[in-house]
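The values are calculated or read from the model by the stated rules, or taken from the named source; none is laboratory data. These figures come from a predicted structure and were not determined experimentally. Cβ placement follows ideal geometry from the backbone for every residue including glycine, while neighbour counts extend to all protein chains displayed.
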Amino acid sequence: MNPRETINDILVNLFKEIWKLEEDAIITEEFRDITNNDMHIIEAIGLSGENTMSMVAKKMGITAGSLTTSVNGLVNKKYVVRQRSEQDRRVIFLRLTEKGVKAYEHHQEYHRQMTDAVIDTLGDAEIPVLVKTLKGLSEFFRGYKDRIQN
């Protein structure tokens, strides 16, 4: 394979593997009642307690209606609570419950282990090269939607 084919093959397979392995790693017996997507919503809600429905929907790249459906499930399962703003009753803040915080921390630990596994295989001179490469890839994905819509 030429370098272009090799890189393409690695990226395609890596994305599939990460998604599947992450699901296997983070949806443990303790968190069997939620999906990988739910875990990413929990991650987007975060620990600040200051994220609104619209902020989380934007972070996730989904509509507020789609988020509402998922949040309803997370509220019913006691991972998330909704709280109306005192200043503007139309604004709804999402906050993690104690159970939600445990799920959030569990997910963060998986990401820490994944990142450490990569960094531990690199020398000091290789880390900046990987960071530059990943930033370029990230910029491609972040700008891709805009490019195809124009």
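Hey, can you tell me all the residues within the stretch 71-82 that are out of contact with any strand residue (DSSP E or B) (no Cβ under 9 Å at 6 or more places or on another chain) and either in a strand (DSSP E or B) or more than 16 Å from Asn36 (Cβ to Cβ) (or both)?
Listed by number, the residues that qualify are Asn72, Asn76, Lys78.
Can Ser85 be described as surrounded by fewer than 16 Cβ atoms within 10 Å (Cβ to Cβ), among the polar types (S, T, N, Q), in contact with a strand residue (DSSP E or B) (Cβ under 9 Å, 6 or more places away or on another chain) and modelled with pLDDT under 95?
Working: surrounded by fewer than 16 Cβ atoms within 10 Å (Cβ to Cβ): yes; among the polar types (S, T, N, Q): yes; in contact with a strand residue (DSSP E or B) (Cβ under 9 Å, 6 or more places away or on another chain): yes; modelled with pLDDT under 95: yes.
In short, yes.
Give all pairs with beta carbons closer than 8 Å in which a residue from the stretch 2-24 that is among the charged types (D, E, K, R) meets a residue that is in a helix (DSSP H, G or I) and surrounded by fewer than 10 Cβ atoms within 10 Å (Cβ to Cβ); count only pairs at least 6 apart in sequence or on separate chains.
The qualifying pairs do not exist here.
Which of the numbered conditions does Thr121 fail, given that it passes all the others? Conditions: (1) in a loop (DSSP other than H, G, I, E, B); (2) under 23 Å from Ile42 (Cα atoms); (3) of a type in the set (Val, Ile, Thr).
So the condition that Thr121 fails would be (2).
If I filter the stretch 31-43 down to residues being among the aliphatic types (A, V, I, L, M) and over 11 Å from Leu96 (Cβ atoms), which single residue comes out as surrounded by the fewest Cβ atoms within 10 Å (Cβ to Cβ)? Walk me through how you get there before you give the answer.
Filtering the stretch 31-43 down to residues among the aliphatic types (A, V, I, L, M) leaves 34, 39, 41-42.
Still in the list and also over 11 Å from Leu96 (Cβ atoms): 34, 39.
Numbers: Ile34: 20, Met39: 22.
Top of the filtered list is Ile34.
Got a sec? Which of Glu86, Glu139, Glu109 is out of contact with any Phe, Trp or Tyr (no Cβ under 6 Å at 6 or more places or on another chain), within 21 Å of Glu29 (Cα to Cα) and either acidic (Asp, Glu) or assigned to a loop (DSSP other than H, G, I, E, B) (or both)?
Details: Glu86 fails: within 21 Å of Glu29 (Cα to Cα); Glu139 fails: within 21 Å of Glu29 (Cα to Cα).
Among Glu86, Glu139, Glu109, only Glu109 is out of contact with any Phe, Trp or Tyr (no Cβ under 6 Å at 6 or more places or on another chain), within 21 Å of Glu29 (Cα to Cα) and either acidic (Asp, Glu) or assigned to a loop (DSSP other than H, G, I, E, B) (or both).
Look at the stretch 77-122 and say how many of its residues are among the basic types (Lys, Arg) and touching a helix residue (DSSP H, G or I) at 6+ places or on another chain (Cβ under 6 Å). Give the derivation first.
Residues of the stretch 77-122 among the basic types (Lys, Arg): 77-78, 82, 84, 89-90, 95, 99, 102, 112.
Going one step further and asking which of them are touching a helix residue (DSSP H, G or I) at 6+ places or on another chain (Cβ under 6 Å), we end up with 78.
Counting residues in the stretch 77-122 that are among the basic types (Lys, Arg) and touching a helix residue (DSSP H, G or I) at 6+ places or on another chain (Cβ under 6 Å) gives 1.
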